[in-house]
Structures are given as C-alpha cells and as structure tokens.
Amino acid sequence: MEENRSNNPTPPAPVYGPVIEPGERKPRGRRSYLRLGLSLFIIGLVLAGAGWINGARGISLSINSNGPQLYITDSDTVLLSAVNERNLQPFNKAEIKTSFADIEFIESDSYGLEIDMPEGYPDPEWKLNGDKLTVDSSKDWAGISLFNFNFVSSSVKVYYPRGSAFEEVKLSASSGNIDAEINYTNEIEIRTSSGTIEAILNGCGDIKADASSGNIKLTNEGENAIKAEVETSSGSIKIDGNMWMDLEAEASSGSINVDAQLVGKTDIEASSGSVHVNSSYGTEYGFNLKVGSGSIRVNGERYDDDIKFNDNADNVINVKTSSGSINLDL
C-alpha cells in the first residue's frame with residue numbers, strides 16, 4: 001500500500017538570520033554601504049580621468065546645506081590670491097582651519113596672511129579680532145565630501161616676525177599638509193585627517209599633534225623640554241631635537257622613531273610597526289618593554305621576552321608593540 005504523502009508534508013527549510021515579515025523593508029547591510037562607497041569612488045575616478053584627458057587638473061564633489069557642490073580645475077585654472085595681507089596688526093593667538101588646503105606657519109619680518117585658492121572656489125573667511133587671527137576655509141565645504149582629486153594645491157600661509165611669542169596656535173586641515181615653525185608658544189594643537197605634519201618648535205610648552213592618515217615629524221630646537229601628545233592612525237611618527245617631557249606617542253599602523261633626550265614618563269605604543277628610541281644623552285632611565293610579536297633589543301642586546309628595569313625611576317620609558325620590534329639605545 002502506498003504511503004499517503006499528503007498526510008506527511010515536508011517540513012519547511014530552516015531559516016537563518018533575521019526574518020523579514022511581509023511588507024517589511026529589508027535593512028541595509030554593511031555590504032550595501034560598501035557598494036555605495038565603492039560606486040562613488042569609481043565615479044570619482046572616471047570623472048577625474050575624463051577631466052584629466054580633457055585638460056582638467058582636479059575635481060571635487062561634496063554635499064552640504066546648499067546641495068551638491070562640484071568644483072573643477074582645468075589647465076587654465078590659476079591660483080588666485082584671495083588674501084594677501086603682509087602688514088597685519090600683531091596677534092598672539094592663531095586658529096587656522098582648512099578643508100583642501102595646505103597650512104604653513106612661517107617666521108618672517110612682519111605679521112601677514114596669504115591665501116591662495118583655485119579660481120572659482122569659495123573664498124575663505126578670515127578676521128583679526130583683537131589679538132587673535134582666525135582663518136576658516138572649511139565652512140563652504142562642510143557636509144559630506146564624496147571625493148576630491150586635485151592636482152592644484154591651495155594654501156594658507158601665516159607670517160609672523162622672528163622672536164614673536166604666542167599664547168596658543170591651532171592648525172587644522174581636513175585634507176592637506178601642515179608645515180609650521182612655532183616659537184615661544186604655550187599651547188599648540190595640530191591636526192589633519194589626511195596629510196603630513198612637520199613642525200619645528202623653539203621655546204614652546206605643550207603640543208598635541210594628530211593625523212588620521214599621514215606622517216608626523218616634530219623637532220625641538222629650543223633648550224626647554226616640551227610636553228607632547230602625538231597620535232596617527234596610519235603613518236609614522238618621528239620625534240627628534242632636544243628635550244621632550246612626558247612624551248606620549250601612538251601609531252596604529254606605522255613606525256615610531258625617537259631621537260632625543262626624554263625626561264619624566266614616556267609612553268610609546270605601536271599596534272603594527274617597529275619602535276626605535278635613542279636617548280643616550282647621559283640621563284639615567286628605567287624602562288618597561290612589551291612586545292606581542294617581534295624582538296626587543298636594549299643597547300644592542302637581544303631579548304626574546306618582555307623586559308623591565310627600574311620602572312619606578314624618575315625617568316621611565318614604556319614601550320609596547322603588538323606586532324613589531326623594539327630597539328632601545330640608552
């Protein structure tokens with residue numbers, strides 16, 4: 001007798017993951033956003049390539065409160081001196097913000113400001129209010145930057161007389177390099193999302209330097225110790241010159257190289273990258289060195305395990321790496 005299959009229906013197949021009810025919209029997953037980002041990037045490459053073939057030297061697209069903003073620079077585009085003031089009144093505070101422009105802080109014979117932007121780009125805002133100089137070329141770019149392929153360099157240059165002292169200097173670029181000579185300043189902040197930072201310091205107090213994607217180099221040419229916090233997500237860090245105090249340096253992906261006299265507590269951490277510290281300037285140190293995957297050398301001698309020595313001393317160097325070597329010369 002044949003089995004009655006209608007009385008024994010096949011069980012439904014198991015369902016893995018979230019169940020979408022009828023009429024319910026399926027939520028966007030991470031892959032959807034990745035596809036969207038990749039599509040926008042490819043569009044940017046195509047537009048930049050087509051523009052380059054036809055003589056363009058750059059293209060930028062962003063979305064802000066005014067809607068989509070498209071800027072194209074071609075072979076005929078020139079840098080315009082949006083601002084060229086070489087005899088400003090003295091100031092002892094400076095706050096500079098840019099989106100797609102390099103920043104330079106330069107010793108000169110007088111106080112001055114020079115801003116060069118490609119023709120057709122929004123004019124930057126600036127003001128000298130009392131003893132504070134403020135420049136902001138980021139407001140017209142505020143919003144979502146979809147892509148920026150530019151071969152025309154915009155720049156903001158701040159000039160000051162040699163020997164001038166400042167209470168504070170703040171330099172910030174979303175996508176641009178920062179090159180600064182800073183003297184006799186109590187507080188310094190230098191930040192860039194995508195670009196390099198190079199600063200030569202003399203007679204300064206505290207500095208914070210942060211680059212999301214880019215290298216950082218700080219040099220102390222003064223006689224006093226400078227307290228520093230330095231961090232980069234993707235890039236290398238180099239600290240040199242004279243004395244640094246309570247140095248904190250962290251690189252998520254990149255090497256850290258320190259060649260200077262260190263005083264107080266020094267904390268250095270590299271998630272993926274090597275660390276080399278040369279502080280053989282006659283100071284007595286304690287140290288605490290930890291490595292996840294890599295080697296440790298102290299004054300040329302190799303150690304296969306973590307090592308610490310006199311880590312309660314007045315001057316202590318703490319170094320930690322997850323993947324990379326540690327080289328300490330004292």
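Every read-out reported here was derived from the displayed coordinates using simple, explicitly stated rules and does not represent laboratory data. All values reported here derive from a predicted model rather than from experimental measurement. No Cβ is skipped: glycine too gets one built from the backbone with ideal geometry, and neighbour counts run over all protein chains shown.
Numerical summary
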quantity	calculated
Segment Ser271-Ser212, extension gain: residue separation times 0.36 nm, minus the distance between their alpha carbons	19.8 nm
Subset of Lys93/Lys290; Lys227/Lys308; Lys127/Lys238; Lys217/Lys320; Lys170/Lys238 violating a 29 Å alpha-carbon distance limit	Lys93/Lys290; Lys127/Lys238
Approximate spin-label separation Glu187-Ser110, in nm, with each point projected 7 Å along Cα-to-Cβ	3.1
Relative contact order, percent, the stretch 79-329 [alpha-carbon distance under 8 Å, six or more residues apart]	12
Label point at Ser233 placed 7 Å out along Cα→Cβ; residues across the stretch 195-220 whose backbone nitrogen lies under 11 Å	211-214
Sequence-distant aspartates and glutamates (8 or more away, or on other chains) whose Cα lies within less than 16 Å of Lys97	Glu114, Asp116, Asp123, Glu125, Asp136, Asp140, Glu168, Asp179, Glu189, Asp210
Point-charge dipole on Cβ atoms (K/R +1, D/E -1) for the stretch 147-276, about Cα centre, debye to 20	380
Local electrostatic count, Ile256, Cβ distance below 10 Å [Lys/Arg +1, Asp/Glu -1]	-1
Difference of contour (0.36 nm per residue) and Cα-Cα distance, Asp131 to Glu284	50.8 nm
The stretch 234-280-the stretch 152-181 distance, computed between alpha-carbon centres (Å)	24
Given charges at beta-carbon only (K, R positive; D, E negative), |dipole| of the stretch 248-308 in Debye	80
Radius 14 Å from Cβ of Ala211, net charge of other residues (Lys, Arg +1; Asp, Glu -1)	-4
Radius, Kirkwood style, for the stretch 189-293 when every pair of distinct Cα atoms is counted (Å)	13.7
